[in-house]
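Everything on this sheet refers to the single structure shown next.
The values are calculated or read from the model by the stated rules, or taken from the named source; none is laboratory data. Everything quoted here is computed from the prediction, not taken from an experiment. Heads up, the Cβs are rebuilt from the backbone with ideal geometry, glycines too, and the neighbour counts pull from every protein chain shown.
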Amino acid sequence: MEGSREIPIWFFIGVLLSVYGVMILGYGLWEIVTGHLAHVVLARLHAPVWWGALMLLLGLFYLVRFRPGR
Amino acid sequence: MCPLHGADGHDRGKMLSMLTVPVLSLGISLPSATALALSAPSIAHLTGLDVAVIVIYFMMVMWIGYYLKSRANTSEEFFMAGREMTAWIAGLSFVSANLGSLELMGWAGSAYQYGILAAHWYWIGAIPAMLFLGIVMMPFYYVSKTHSVPGYLKLRFGQGSSTVAAVSFAFMTILMSGVNMFSMALVMKVVLGWNITFSIVVSSLAVAAYVALGGLRSAIFNEVLQFVLIWGGALLVPILGMIDAGGWTGLKTRILHDFPGQDYLHLWRGLGHFHDNPMGVHWTGIIFGLGFAISFGYWTTDFLVVQRVLAANSLRSARMAPVIGSFFKMAVPFIVILPGLLALVVLHNPNGSLMHLVGEDVVSAHPGMGLHSYNEVLPLMLVRYCGPGLLGLGITALIAGFMSGMAGNVSAFAAVWTYDIYQPMLRKNERDEHYVAVGRWATVLGVVVSIGAAYLVMHAQGIMDYVQALFSFFIAPLLGAILMGMFWKRATRAGGFWGLLTGTVTSVSLWAWVHFDPSALRLVALSPDAKDMAENMYRALWSLSITLLVTFVVSLYTSPRPESELNGLVYGATVLPKEESVAFYKNELFWAAVAVVVFVGLNVMFW
């Protein structure tokens, strides 16, 4: 499938993970900057920052690795 | 009952039966989200960021469906995705079609209730069957070039058996799709306060659109996307939960301290007798009933999952796909069972006391007391750890799970309806374009009928009590017919047909017997202490045995087909295509062996 002209599913996944990563990482950074932590358990661990960053990195990897026309 | 008002006890009662089958803030709330909410109290409240995450997901699945519409012009493309899927895509789709959100939430609730015993449904109740499908059965499905499981029965046993299997599959698939649709909408109502009709219409229309546009290829692509989302949205809960509980050692210590005398952490130790474990099951039922009759019946003959593997681009990919899927299936308890166990010790009431979740009947009997049911474990854990954005991601994971399951149902229904009912019985010799059009309309029709079934269930609660039993009526007999057809050259058409029919009648009869005379349980399930799950396991085992026996006996007294006609259909009469040799790490047998080692290791670890 990846060998055909079709855009691979992994590219779509890359797009979605990247967008989500930016949104969640952005919110996590906003939390740190403003000090307004969400009212959840273990908020001090800043899960949105590292989980968002992880999603963004994974998404970028898929975006580049499976970009159309590669 | 008006479906649009309040998440009352009646609704919750219904959710119980549906989920237990075998079932915040950036500070900005968008007006549209507010408009969706009802006055009923809900567990979670979404922010604008959460709503944006959900909306983007819907945009993405529609984009994929629209993009792929030009790749679904022939019947082979529409129903079989052109048989172009790689092993990874087919394997992930194979698991994802089964990984519905109701299963996630239902089994998380079961883990809270019964402990790690619930993992049996992911390990012995799946892995051996998945590996058997990939290594042993797949060559026959794949080489025969059948479009469906009823299609295989037609090739092997003739139209009669195929029709019985196709009609029962089509009927049950649509009914299950409707049940799942309603259950999901109900969950969204209880968790988020969303309007039931809104949830049903939006999610089902999205599924109808992307499957009707892009066919199986679109369903599979979206299932892979949904699989990634399910993990991305749900994985954070056990990670943070383990930190919260002090790691595995801390979790064990706290469970032993808070629940003395109850065994939540062992898979096999309490299965010596029906009354030694809260599930009321016995190890023989788990191994032979769940691990063989039910599990093999579902994973090797249910077209909903087999269709994904049939879409693989080569025999090697088709064999590798279930093997790949088995590793992910073994990992699912990490995001389902572990949160249920963690909830036992980390969920607390506002006053600091340990929260005790209860059955839906208790919640229903005490409205307004703030009680939560077992089935709310995952949403409660999500709300505990996930703030804006992450909560939306978790909810999106649940929605994605629902949509992947529903897409699996309607795409399988469309194929079986077109190939196994419409084509042989209604319009035999039409052009290919005609059948593609029928498939598209069958997809839409399947969704519409599912919506009707959802509202039927909503207004007739009693149906839910029987749907799971109905579904189980067909699985084990179908397994018997397929096994005899695939591995015994002497099996005849009459044998297959009568075996399938008597097996199904046996299953229905046993169910009715226990239903009208509960004392019959000691005979059907071999113990008066057996509970529902044990009864299902033994009923499946009996009906499978009857199917095998009748097929065997009838075949001995009827004429078999010449062996030359069985090439590609039966073990021992089939010349399998020679596969080019590959490095060991690309070989399905190597990875199947690794899967067996991991499977055994997990069972020993949690013995």
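Restricting attention to segment A:55-66 and to residues that are farther than 18 Å from residue B:382 by Cβ and aliphatic (A, V, I, L, M), the residue that is surrounded by the most Cβ atoms within 10 Å (Cβ to Cβ) turns out to be A:56. State whether one or more residues within segment B:124-132 are surrounded by 24 or more Cβ atoms within 10 Å (Cβ to Cβ), at pLDDT below 90 and not acidic (Asp, Glu). No - not one qualifying residue is present in segment B:124-132. From the list B:135, B:116, the one residue that fits, being surrounded by fewer than 24 Cβ atoms within 10 Å (Cβ to Cβ), within 30 Å of residue B:341 (Cβ to Cβ) and at pLDDT 90 or above, is B:116. Checking the structure you have, find out if any residue of segment B:480-503 is surrounded by fewer than 16 Cβ atoms within 10 Å (Cβ to Cβ), under 30 Å from residue B:567 (Cα atoms), modelled with pLDDT of 90 or more and in contact with a Phe, Trp or Tyr (Cβ under 6 Å, 6 or more places away or on another chain). Within segment B:480-503 (the criterion being surrounded by fewer than 16 Cβ atoms within 10 Å (Cβ to Cβ), under 30 Å from residue B:567 (Cα atoms), modelled with pLDDT of 90 or more and in contact with a Phe, Trp or Tyr (Cβ under 6 Å, 6 or more places away or on another chain)), the answer is yes, since at least one residue qualifies. Which of the residues belonging to segment B:319-362 are within 14 Å of chain A (Cβ to nearest Cβ) and small (Gly, Ala, Ser)? B:321, B:343, B:352 - these are the residues of segment B:319-362 that are within 14 Å of chain A (Cβ to nearest Cβ) and small (Gly, Ala, Ser). Looking only at segment B:330-374, which residues are assigned to a helix (DSSP H, G or I), over 26 Å from residue B:96 (Cβ atoms) and of a type outside the set (S, T, N, Q)? Scanning segment B:330-374 gives B:344, B:345, B:346, B:360, B:361, B:362, B:363, B:365. Filtering segment A:7-22 for residues that are among the aliphatic types (A, V, I, L, M) and more than 8 Å from chain B (Cβ to nearest Cβ) leaves a non-empty set.
Yes/no per residue for (1) in contact with a Pro (Cβ under 8 Å, 6 or more places away or on another chain); (2) modelled with pLDDT under 95; (3) surrounded by 14 or more Cβ atoms within 10 Å (Cβ to Cβ); (4) in a helix (DSSP H, G or I):
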position: A:22; (1), (2), (3), (4): no, no, yes, yes
position: A:25; (1), (2), (3), (4): yes, no, yes, yes
position: A:44; (1), (2), (3), (4): no, yes, no, yes
position: A:49; (1), (2), (3), (4): no, no, yes, yes
position: A:70; (1), (2), (3), (4): no, yes, no, no
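Restricting the first member to segment B:230-241 and to residues that are at pLDDT below 95, and the second to residues that are β-branched (Val, Ile, Thr), the beta-carbon pairs closer than 6 Å and six or more apart or on different chains are B:233/B:396; B:234/B:335; B:235/B:335.
Among the residues making up segment A:21-53, those that are of a type outside the set (Gly, Ala, Ser) and under 18 Å from residue B:56 (Cβ atoms) are A:22, A:23, A:24, A:25, A:27, A:48, A:51. Taking residue B:378, is it surrounded by fewer than 24 Cβ atoms within 10 Å (Cβ to Cβ) and either more than 14 Å from every other protein chain (Cβ to nearest Cβ) or within 22 Å of residue B:185 (Cβ to Cβ) (or both)? Spelling it out, it is not the case that residue B:378 is surrounded by fewer than 24 Cβ atoms within 10 Å (Cβ to Cβ) and either more than 14 Å from every other protein chain (Cβ to nearest Cβ) or within 22 Å of residue B:185 (Cβ to Cβ) (or both). Among the conditions (1) over 29 Å from residue B:222 (Cβ atoms); (2) part of a helix (DSSP H, G or I), the only one that residue B:171 does not satisfy is (1).
With respect to residue B:540, is the statement that it is part of a loop (DSSP other than H, G, I, E, B), among the hydrophobic types (A, V, I, L, M, F, W, C) and under 24 Å from residue B:477 (Cβ atoms) true? Against the criterion (part of a loop (DSSP other than H, G, I, E, B), among the hydrophobic types (A, V, I, L, M, F, W, C) and under 24 Å from residue B:477 (Cβ atoms)), residue B:540 does not qualify.
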